[in-house]
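Bear in mind that the values in this text are calculations on the coordinates, not laboratory data. Here the structure is a predicted model, which means the values were calculated and not measured. Heads up, the Cβs are rebuilt from the backbone with ideal geometry, glycines too, and the neighbour counts pull from every protein chain shown.
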């Protein structure tokens, strides 16, 4: 939570406050003015959420390493790098797909917006699985192993667990 707040203050830009706000809101505004490096607004908040989500497994890995006095760092870093590379690779087509719709235009129906967003999410998920497959088979197989038995029949043959 502190990582998220810290990145938010650095990336979202200065926040202003009304005179009748609480002291907490005033303190956040002062901190955001002091710590702001980039004025990315809502995009800064989204990036800070992603960075905090990345910091979480790093903190957990360090804690597990300290607690158990060993950790498979090499495998973990390779998996993290594959995931990062896949995330960057799918960002390009998703950015293009999302840019094809005027999201705030009044002549775009809710159905078109929901369909477009759902399609982009599906393309992103499938692209991620395909891109991560060469380096992250163990992780994908672990996720597949968590699926209920009924759901396994819907998976393509190459994803079916061996029996």
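Work out the FRET efficiency for residue 128 and residue 20 from their Cβ-Cβ distance, taking R0 = 41 Å, and round it to the nearest 0.05. For R0 = 41 Å, the calculated efficiency reads 0.35. Is region 1-69 rounded, prolate or oblate when judged by the Cα gyration tensor, a ≥ b ≥ c being the square roots of its eigenvalues, rounded requiring a/c under 1.5 and prolate requiring a/b larger than b/c? Prolate is the answer for region 1-69, as a/c is 1.5 or above and a/b outweighs b/c.
Of the peptides 111-121, 41-51, 62-72, the order by per-residue mean of other Cβ atoms within 10 Å, starting with the highest, comes out as 41-51, 111-121, 62-72.
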